[in-house]
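A.B. asks: Please read through the structure below; I'll follow up with questions.
The values are calculated or read from the model by the stated rules, or taken from the named source; none is laboratory data. The structure presented is a predicted model; accordingly, all values stated were derived computationally and were not measured. With ideal geometry, Cβ positions are generated from the backbone for all residues, glycine too; neighbour counts draw on all protein chains shown.
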Amino acid sequence: MNDFFPKIAELFSTPEYIDSLLHGFLLTMQISYFALLIGVALGTVIALIDTAKRSKWLVVPKFICTVYTTVIRGTPMALQLFIMFFVIFAVKGFPSIITAIIAFGLNSAAYTAEVIRSGIQSVDIGQKEAGMALGLSNFTIFMKIIAPQAIKNIIPALGNEIITVIKETAIVSMVGMYDLNMAAKDIGSGQNMASYIVPMFVAALFYLATIYLITFIVRRVEKSLRRSDLRGEK
């Protein structure tokens with residue numbers, strides 16, 4: 001441990017090491033960003049279907065959504081990733097980053113759907129009844145009354161899902177992708193560094209800084225929404 005800090009200085013002063021870490025970090029962020037886009041989009045659709053009124057046209061979609069969320073939430077992310085890589089998209093030349101994005105996106109959608117569903121259901125039923133009494137359409141009631149309140153309620157949970165996805169992407173190194181975790185392993189196995197402690201520590205700092213930034217943004221958004229509520233009450 002005597003050479004811990006000198007090794008950190010060496011890592012940050014070696015362009016090859018920094019390039020490797022930045023390359024891995026960029027891949028981690030790309031997978032996380034696009035997976036979250038898929039997760040929010042698909043999760044919203046699932047939540048809307050799940051909270052919609054009972055209808056014969058929605059029996060099958062509701063059943064599919066229920067099975068989907070149950071299976072995804074009930075199986076490990078690593079297993080889902082392996083199935084995507086070695087079964088569903090086991091096609092030579094198919095971009096591995098696309099496979100990873102789809103895998104994490106589908107996984108995130110199941111959890112995001114539950115977050116959005118709980119947010120919608122947390123809005124007092126009296127709000128909807130008041131809108132109906134005013135003669136508003138169901139679409140207008142949802143967009144103008146329910147959705148704004150639901151969004152405020154799901155911000156903290158949605159922030160946690162963003163953090164979870166970013167951290168979970170570390171397992172893509174298990175299928176040979178050069179993410180931040182793999183970059184740290186690669187640097188640690190080199191002859192010059194010859195230690196996993198320092199690069200893993202630096203990789204952890206990358207994750208911590210990213211998570212702290214996201215947490216800061218989410219809290220700022222929460223405070224802003226609370227202030228707007230207080231101004232509205234006045």
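A.B. asks: Select from region 134-181 the residues that are of a type in the set (Val, Ile, Thr) and more than 30 Å from Met29 (Cα to Cα) and write down the one among them that is surrounded by the fewest Cβ atoms within 10 Å (Cβ to Cβ).
C.D. replies: In this case the residue turns out to be Thr140.
A.B. asks: Determine, yes or no, whether Ala100 is under 19 Å from the mean Cα position of the chain (by Cα) and crowded, with 20+ Cβ neighbours inside 10 Å.
C.D. replies: Yes.
So that you can scan it fast, the table gives a plain yes or no per residue for (1) under 28 Å from Met143 (Cα atoms); (2) surrounded by 13 or more Cβ atoms within 10 Å (Cβ to Cβ); (3) at pLDDT 95 or above; (4) over 22 Å from the mean Cα position of the chain (by Cα):
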residue	(1), (2), (3), (4)
Pro61	yes, yes, no, yes
Ile72	no, yes, yes, no
Leu79	no, no, yes, no
Leu106	yes, yes, yes, no
Met132	yes, no, no, yes
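A.B. asks: Regarding Phe85, is this residue touching a Leu at 6+ places or on another chain (Cβ under 6 Å), closer than 26 Å to Ser173 by Cβ and hydrophobic (A, V, I, L, M, F, W, C)?
C.D. replies: In short, no.
A.B. asks: Looking at (1) over 15 Å from the mean Cα position of the chain (by Cα); (2) at pLDDT 95 or above, which is the only condition Leu42 fails?
C.D. replies: (1)
A.B. asks: Next question, about the same structure. Among the candidates Ile38, Ile46, Ile102, which residue alone is over 24 Å from Ala170 (Cα atoms) and in contact (Cβ under 8 Å) with a residue 40 or more places away in the chain?
C.D. replies: Every option except Ile46 fails the conditions.
A.B. asks: Could I ask something else about it? Given the structure, is Val115 over 23 Å from Thr28 (Cβ atoms) and in a helix (DSSP H, G or I)?
C.D. replies: So Val115 does not fit the description; no.
A.B. asks: Within region 114-130, which residues are among the hydrophobic types (A, V, I, L, M, F, W, C) and buried (at least 16 other Cβ atoms within 10 Å of the Cβ)?
C.D. replies: Listed by number, the residues that qualify are Val115, Ile116, Ile120, Val123.
A.B. asks: Right, something else. If I filter region 19-26 for residues that are of a type in the set (Gly, Ala, Ser), surrounded by 12 or more Cβ atoms within 10 Å (Cβ to Cβ), touching an Asp or Glu at 6+ places or on another chain (Cβ under 8 Å) and in contact (Cβ under 8 Å) with a residue 40 or more places away in the chain, do I get at least one hit?
C.D. replies: yes
A.B. asks: Which of the helices (runs of 4 or more DSSP H) contained wholly in region 1-98 include at least 3 residues that are under 21 Å from Pro199 (Cβ atoms)?
C.D. replies: In region 1-98, 4-13, 15-51 are the helices (runs of 4 or more DSSP H) which contain 3 or more residues that are under 21 Å from Pro199 (Cβ atoms).
A.B. asks: Of everything in region 183-213, what is modelled with pLDDT of 95 or more and in contact with a Gly (Cβ under 7 Å, 6 or more places away or on another chain)? Give them in sequence order.
C.D. replies: Of everything in region 183-213, nothing turns out to be modelled with pLDDT of 95 or more and in contact with a Gly (Cβ under 7 Å, 6 or more places away or on another chain).
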